[in-house]
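Contents: one structure, followed by commentary.
Please treat every number below as a calculation from the coordinates, not as lab data. Here the structure is a predicted model, which is why all the values come from computation and not from measurement. A quick note on method: Cβ atoms are made from the backbone with ideal geometry, for glycine too, and the neighbour counts reach across all protein chains shown.
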């Protein structure tokens, strides 16, 4: 059975550079202080370290941060979703992890690695998209640079919510805002943009601009530039289904195959 309203939150904060323990503590504080019920909390890209290319920071899938996520999901009865640096089979990944309250884990490896930061020299690209079925909602989580590639996000009635977990710099804020809205409209899906604020260890400035957008491209909730805080909204499954039925553009989408 589908839960009619899915309560979505984004934690927008300043990531401590290459310091997983401090970042976990920050998130713990916000989970404790949040004064409303949340079904899913979305975190920025590489939320435990910042957007570092230092693979010495990599953890395993049974490492400290994953175990922490499982414990907090069980404690607060919500799902946590964000990416971190993972080592597996002697390879490194920018891996988004979606953890359910039951402890079940789903993951997606970032497909489009950011070549301008030589991310492809440190990490292996993903090859498969992930669709998580949670409380009857179909969620497609992607990572940062993936936002620029609409074919990878194309919805063939496979998902209801499209997510971008990001470290997206202030210098390209207009691109972020424009493409998030475009992805919502073209895919008739709710969109989550989860970004960070502050300055990272590479001296890159982030203004945040985390936001929640409805399938018509309307911004439901956002937070002021450079502010830390929680972005929250309830997504209505009934409204989504009624809109798709009334205006069924997905039925006319072009067919294609990815190489």
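With the cut-off at 1.5 for a/c, could you classify the stretch 215-259 from its C-alpha gyration tensor as rounded, prolate or oblate? It is oblate, given that a/c is not under 1.5 and a/b is not larger than b/c.
With a cut-off of 17 Å on the backbone N, the residues of the stretch 170-199 near the modelled label site 7 Å out from residue 156 along Cα-Cβ are 187-188. Here the relative contact order of the stretch 65-146, from alpha carbon pairs under 8 Å that lie six or more residues apart, stands at 23 percent. Would the stretch 163-245 count as rounded, prolate or oblate if I go by the C-alpha gyration tensor, calling it rounded below 1.5 in a/c and otherwise prolate when a/b exceeds b/c, oblate otherwise? Prolate, because a/c is 1.5 or more and a/b exceeds b/c.
Here is how the number arises for the chain: DSSP H runs of 4 or more residues each give -39500 (n - 2.57), the sum is divided by the residue count, and the result at 222 nm is -6500 deg cm²/dmol. Shape analysis of the chain based on the Cα gyration tensor places the equivalent ellipsoid semi-axes at 26, 21, 18 Å, largest first.
Relative to the longest principal axis of the Cα atoms of the chain, helix 64-76 runs at roughly 50 degrees. For a modelled paramagnetic label at residue 118, 7 Å from Cα along Cα-to-Cβ, the residues of the stretch 43-81 in reach, with backbone nitrogen under 19 Å, are 50-58.
Taking a ≥ b ≥ c as the square roots of the Cα gyration tensor eigenvalues, the stretch 32-146 comes out prolate, since a/c reaches at least 1.5 and a/b is larger than b/c.
Relative contact order, whole percent, for the chain stands at 20, derived from Cα pairs under 8 Å and 6 or more residues apart. Counting beta carbons within 10 Å around each of 256, 92, 114 and listing the fewest first gives the order 256, 92, 114. Taken over the stretch 169-213, the ratio of Cα radius of gyration to 2.2 N^0.38 Å equals 1.26. Taking the longest Cα principal axis of the chain as reference, the axis of helix 20-33 is set at about 50 degrees. Taking the longest Cα principal axis of the chain as reference, the axis of helix 237-246 is set at about 50 degrees.
For the stretch 96-204, the pair-distance distribution built from all alpha carbon pairs, in bins 5 Å wide starting at 0, is 2, 11, 21, 24, 20, 14, 7, 2, 0 percent. When each of 61, 38, 116, 69 is scored by the number of other beta-carbon atoms lying within 10 Å, the sequence from fewest to most is 116, 61, 38, 69.
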